[in-house]
1. If you scan the stretch 218-257, which residues turn out to be in a helix (DSSP H, G or I), of a type in the set (S, T, N, Q) and surrounded by fewer than 12 Cβ atoms within 10 Å (Cβ to Cβ)?
2. Could you please find all residues in the stretch 161-181 being under 20 Å from His73 (Cα atoms), of a type outside the set (Gly, Ala, Ser) and surrounded by 24 or more Cβ atoms within 10 Å (Cβ to Cβ)?
3. Condition (residue is charged (D, E, K, R) and either outside any helix (DSSP H, G or I) or closer than 30 Å to Ala115 by Cα (or both)) applied to the stretch 197-217: is it met by at least one residue?
4. Only one of (1) more than 28 Å from Phe69 (Cβ to Cβ); (2) surrounded by fewer than 18 Cβ atoms within 10 Å (Cβ to Cβ); (3) without any contact (Cβ under 8 Å) to a residue 24 or more places away in the chain is not met by Met142, so which one is it?
5. Considering only residues that are in contact with a helix residue (DSSP H, G or I) (Cβ under 7 Å, 6 or more places away or on another chain) and more than 21 Å from Ile106 (Cβ to Cβ), which ones fall in the stretch 208-253?
6. Of all the residues that make up the stretch 186-217, how many are free of Cβ contacts under 8 Å to residues at least 24 places away in the same chain and closer than 16 Å to Pro169 by Cβ?
7. Is it the case that the stretch 212-235 has a residue that's over 25 Å from Gly44 (Cβ atoms), in the same structural domain as Met193 (by TED's automatic domain parsing), over 20 Å from the mean Cα position of the chain (by Cα) and at pLDDT below 90?
8. Identify, from the list Ala109, Ala25, Ala92, Ala31, the residue that is over 26 Å from Ile208 (Cα atoms) and touching a helix residue (DSSP H, G or I) at 6+ places or on another chain (Cβ under 9 Å).
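The values are calculated or read from the model by the stated rules, or taken from the named source; none is laboratory data. Computed from a predicted model, the values in this text were never measured in an experiment. Here Cβ is always computed from backbone atoms with ideal geometry, including for glycine, and neighbour counts include all displayed protein chains.
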Amino acid sequence: MRLHVSLWDIPDTKPHVAIWGESRADRFLKAVYWLIRQSASFDGISHAMLEEIATQTGRRDGILVHSGFEPEHLAALSSLIATPSNNVLKLAYVGTIISEKAFLNILAALEKLRAHLPRPLKLEFFGARGYRSAPWFNPDWMLEHAVFSDRGLVEALQRCDWGIVVTDPEAEDVRYSRYSFPNKIGTYLSAGMPILAVGHKESALAEIMKSSGVGVFTTEYEGSALEKFLVETLRITHPRSHYRDNILQCAGTEFNANEIRGRLWNAWMQSHQQSTA
């Protein structure tokens, strides 16, 4: 029997250790590496993860995989017209808040700055996580949506200017931010929306933001440095148009489902040919 292993999270990062305990998380990690050593082919979700696998197993033939866009999604994205925003500056946040301290710092900075921005500010949450009942939620400029269908979510995000991603800039769990790839990125790009990202300098988020140019990135997560970054970012006129070419380029390469499937299939067939030679 031939085996393909797909690794989407490192099992000994802080969230997993909290759930399983250190010894069980360590056994799980060793079992993963054992499976990869035995596998015919394997994939991971970040370059750092593939480098870590190579260090632990000696294998350097892994495939980089993200949640991909099908041809019809890429075609729809290419034909999407980046229309100028209305008189409201809309930020979007999809899913769970991972790095709460840094995220709350961003909210505090936005609360302070929003009166000085060129347009009224609105922050919209998607995913029905119950944030509207949080003590920090301000209905004057925040809105939480109910659950959307996949298509409905994309259509709603198309009305926003920036998608926010925050991954552990305070370095509380560097292994998690280094190896895990935030799927929010693909969600935002599917709507043609640039990314406002705050994270650790060694994170997978930092890597793709620097290489793709699909938005702005900073390691600053508190004080005047964060405020300066936000002011400069939110004064960019028509950000969708500004980053459109880079978004299309990134979606067609990093997130191309057909291409990803082709690389996985080629790796699988190559291993089969080697095993039967």
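1. Ser224, Thr253
2. Trp162
3. Yes - at least one qualifying residue is present in the stretch 197-217.
4. Here Met142 meets the rest and fails (2).
5. Ser212, Gly213, Asn246, Ile247, Leu248, Cys250, Ala251, Gly252
6. The qualifying residues number 6.
7. No, that holds for no residue.
8. Just one listed residue meets the conditions, Ala25.
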